[in-house]
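The values are calculated or read from the model by the stated rules, or taken from the named source; none is laboratory data. Quick caveat: nothing in here was measured; it's all calculated off a predicted structure. In this analysis, Cβ positions are derived from the backbone assuming ideal geometry, glycine residues included, and neighbour counts consider all displayed protein chains. The protein model used for the area step is the full one, side chains on, heavy atoms only, and it has no ligands, DNA or RNA in it. Shrake-Rupley method; radii C 1.70, N 1.55, O 1.52, S 1.80 Å.
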Amino acid sequence: MSVLSRPAILLASATVAASLLVAPSAAFAADTTTDLTTAGMKAAVAAVEVATETAAAQGWTSDLDLSVDLGGTTASGWQTTTTDTEHGLLSAAFAVDGQGESKVFLAEGSGTYASAGDDSRTRAALKMMGRSSVGFVFTADAELTLEHDGPTPLQLVASSISAGTKTVHDDGSTDLVFTDSTMGTVTLHADASSVLRSATTALKEEDMSLSTSVDYGYGPQTVTLPAAGETIDSATMTKGIAYLDMAGLVRNAAVSGAADTRRAFKGAKVKVATLRKLVRNDAAETNYLNGGIEVVKVKNVTSGVRVWATNPWTKKTVAYTVKASGKKVLVKKV
């Protein structure tokens with residue numbers, strides 16, 4: 001499943017660990033209801049998918065409302081999706097009570113943009129890099145397409161289909177009701193042309209219920225991607241966050257390398273070559289555990305090594321020496 005294929009699940013999981021449940025659809029007069037097998041329901045949904053795909057050829061929108069009750073604690077949220085099918089662009093904005101709005105953009109053949117977030121480390125890293133105005137992180141992906149990585153209208157509410165009921169109303173519109181393995185009870189409301197116009201989903205578990213309702217619109221849409229000045233690439237963002245811990249990383253590599261050297265010689269005279277090898281191993285492991293960013297560097301000095309790092313934005317340097325002195329291993333901040 002791609003990062004954007006189920007935005008409704010993304011919204012829910014960002015706030016509570018849950019899946020989704022349904023409100024009853026509107027009442028119509030002169031209804032005719034038929035029970036459908038799984039095969040029959042799949043055929044009926046397929047017809048809706050085909051008609052909806054045609055309607056969405058140039059673009060489509062969705063407005064989703066979400067309600068959650070988790071152990072007696074309730075919350076509500078919303079999500080809007082705008083898809084410019086013709087130009088290969090998609091935007092999704094979502095928020096839940098008590099949290100700020102987040103946005104995701106998809107651009108075919110280019111990549112994704114996601115809200116940078118307001119957590120303390122992200123904001124601290126952006127400030128350190130002199131990029132406090134940044135609001136989005138860009139991840140390049142030349143193979144990204146709406147067809148494979150974006151959602152369809154139906155994918156917002158269902159990924160699996162079971163037996164259920166088909167209700168035809170006197171205006172020619174249709175309700176299809178079935179159970180989805182993730183979303184619970186799903187109701188699709190299609191117009192007389194079989195185009196999906198709205199949907200509801202519902203799931204109720206022992207101490208949790210979640211419900212959504214979605215309305216759809218079709219036709220050409222406009223999606224404006226974030227400007228370059230408010231965007232940072234994901235690699236730079238990751239590197240910036242890594243350098244927030246530069247002082248601690250350098251110290252950790254030096255102290256760990258010294259400790260490993262002492263253990264290796266057990267009170268015997270320390271060999272400089274072995275010390276250098278062990279400290280380099282610890283520096284490499286420190287960088288690996290820090291997301292693979294090469295923050296900590298090591299170079300040879302007399303009787304040992306210098307363990308250091310320089311922040312590429314602030315130009316501040318932190319350094320330690322680890323040296324052999326007979327049977328001792330000495331660590332000194334320089």
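Structural remarks
- Where (1) 23.7; (2) 21.6; (3) 23.2 are the candidate values, the label of the one calculated here for Kirkwood radius over Cα pairs in Å is (1).
- On Cα atoms only, tilt of 246-265 relative to the major axis of the chain in degrees: 60
- Among the listed pairs 297/323; 127/333; 297/332, those beyond 20 Å (Cα-Cα): 127/333
- Solvent exposure, largest accessible area first (probe 1.4 Å, DNA, RNA and ligands not counted), of 87, 169: 87, 169
- Extension gain, residue 264 to residue 99: 0.36 nm times the residue separation minus the Cα-Cα distance gives 54.3 nm.
- Once the Cα-Cα distance is subtracted from the 0.36 nm per residue extended length, the residue 300 to residue 53 segment shows a gain of 82.5 nm.
- Rounded to whole Hz, the Karplus (6.51, -1.76, 1.60) HN-Hα couplings of the range 179-191, x for glycine and proline: 10, 9, 5, 9, 8, x, 6, 10, 10, 9, 10, 10, 7
- Both numbers refer to the Cα atoms of the range 20-131; Rg and Dmax are 20.2, 66 Å.
- Averaged over residues, the count of other Cβ atoms within 10 Å places the peptides 122-128, 327-333 in the sequence 122-128, 327-333, highest first.
- Rounded to the nearest 20, the Cβ-based charge dipole of the chain about its Cα centre (Lys and Arg +1, Asp and Glu -1) stands at 4820 debye.
- Between helix 234-243 and the chain there is an angle of about 40 degrees, using the helix long axis and the longest principal axis of the Cα atoms.
- Two-site label geometry, residue 293 and residue 87: point separation in nm, points 7 Å out along Cα→Cβ: 3.4
- Phi angles across the range 53-64 convert, under the Karplus curve 6.51 cos²θ - 1.76 cosθ + 1.60 with θ = phi - 60°, into 3J(HN,Hα) values of 4, 5, 5, 8, 4, 9, x, 7, 10, 9, 10, 10 Hz, Gly and Pro given as x.
- FRET efficiency for the residue 143 to residue 193 pair, using the beta carbon distance and R₀ = 45 Å, is estimated at 0.85.
- For the pair residue 225 and residue 119, a Förster radius of 22 Å applied to the C-beta separation gives a FRET efficiency near 0.40, rounded to the nearest 0.05.
- Percent RCO, i.e. relative contact order, over the chain, from Cα pairs under 8 Å lying at least 6 residues apart: 19
- 0 to 90° range, to nearest 10: angle between helix 272-289 axis and the chain longest Cα axis: 20
- Between residue 319 and residue 38, the modelled labels are 6.8 nm apart [label points 7 Å from Cα along Cα→Cβ].
- Note that the range 139-248 shows a convex hull volume over its alpha carbon atoms of 201 Å³ per residue.
- What the phi angles of the range 93-109 give under the Karplus curve with 6.51, -1.76 and 1.60, with θ = phi - 60°, is a coupling list of 10, 8, 7, 10, 2, x, 10, x, 6, 10, 9, 9, 10, 10, 10, 4, x Hz, glycine and proline written as x.
- Binned Cα-Cα distance frequencies in the range 142-205 - 10 Å width, integer %: 21, 44, 26, 8, 1
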